[in-house]
Amino acid sequence: MFPKKRIKFSERTGNLVTIFRPYSPIAEEFRSIRSNIQFQTIDQSFSSLMVTSAAPGEGKSTMAANIAAVFAAQGKKVLLVDADLRNPSLHFFFNCSNREGLTTLLSEDPDSTDGLIHRTYQRNLFFLPTGTLPPNPSELLSSSKMDDWMVLLEAEFDLVIYDLPPIVTVTDAQIMAGKTDGTIFVVRNNVTDRKTMMKAKQLLELAQANVIGVLFNGKKKERKNQDVYGYYGSAGGVR
């Protein structure tokens with residue numbers, strides 16, 4: 001597997017605070033999140049992780065990208081996969097095309113990932129876009145081809161992180177929750193209502209998801225009025 005040429009970042013990558021503002025308070029929050037994930041999974045086999053939320057607009061893609069970056073900064077070989085086959089956004093973060101990617105692997109049956117995986121300016125961090133959006137995302141994610149490619153990718157990388165659509169909106173995250181080693185659930189301040197959050201919790205339980213943490217996004221600091229992130233180390237954070 002030989003990734004494409006290195007990505008050129010642009011102004012649209014401002015959400016990647018852990019890469020472009022590595023000494024900022026927010027970047028430090030993400031390093032704390034990394035540590036909490038590692039403590040939470042210390043006795044578990046851990047090679048894949050998915051990130052989802054209850055509803056759109058909660059910042060799950062930003063969370064997924066920055067979590068991937070801090071694990072890569074630690075020395076792990078990390079692959080970030082945009083598995084939101086309905087409304088992808090990570091290719092904007094990394095300033096690359098999403099014409100080819102995950103759906104190419106699942107629908108065109110190539111022999112390898114050559115030319116599909118991109119390098120980034122973060123050492124050890126690689127990116128697989130969605131590819132052309134399909135009419136049947138759930139069927140592709142639940143297919144045996146997806147299972148086979150997940151095994152191959154996890155053999156090539158130390159950690160594979162999948163960005164999934166909101167779990168209440170469509171079934172994709174439920175499908176992937178049963179395939180990955182752990183799930184991170186994102187909740188956004190003043191966006192996630194209690195009813196939707198409880199529905200998401202129920203769906204994750206039905207999927208037998210291993211929820212290793214809940215991320216609270218958007219709490220304001222009292223003094224500087226900055227957004228910060230909180231981490232809760234179990235599904236018990238959603239009540």
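Anything over 32 Å Cα to Cα? Flag those among Lys77/Lys199; Lys76/Lys199; Lys76/Lys145, in the order listed. From the list (Lys77/Lys199; Lys76/Lys199; Lys76/Lys145), the Cα-Cα distance tops 32 Å for Lys77/Lys199; Lys76/Lys199. Summarising the strand pairing of the range 4-237, around 25 percent of its internal DSSP beta bridges are antiparallel.
For the range 27-32, the Karplus equation 6.51 cos²θ - 1.76 cosθ + 1.60, evaluated at θ = phi - 60°, returns couplings of 4, 5, 4, 5, 5, 5 Hz by residue, with Gly and Pro reported as x.
Taking amide H positions as modeled 1.01 Å from N, with prolines and chain starts lacking one, the residues under 5 Å from Leu80 and 5 or more places away or on another chain are Phe126, Phe127, Leu128, Ile161.
Apply 1/(1 + (r/R0)^6) to the Cβ-Cβ distance of Ser32 and Gln208, taking R0 = 35 Å, and write down the FRET efficiency to the nearest 0.05. Walk me through the numbers before you get to the answer.
Numbers: r = 28 Å, r/R0 = 0.80.
With a Förster radius of 35 Å, E is 0.80.
Using Cα pairs closer than 8 Å and at least 6 residues apart in sequence, work out the relative contact order for the range 4-237, in percent.
It rounds to 27 percent for the range 4-237.
Footprinting exposure proxy ranking of Phe71, Phe46, fewest other C-beta atoms within 10 angstrom first, gives Phe46, Phe71.
Bear in mind these aren't lab numbers, they're just calculated from the coordinates by the rules spelled out. Since the structure is predicted, the reported quantities are computational estimates derived from the model, not experimental observations. Cβ: placed from backbone, ideal geometry, glycine included. Neighbour counts: every protein chain shown.
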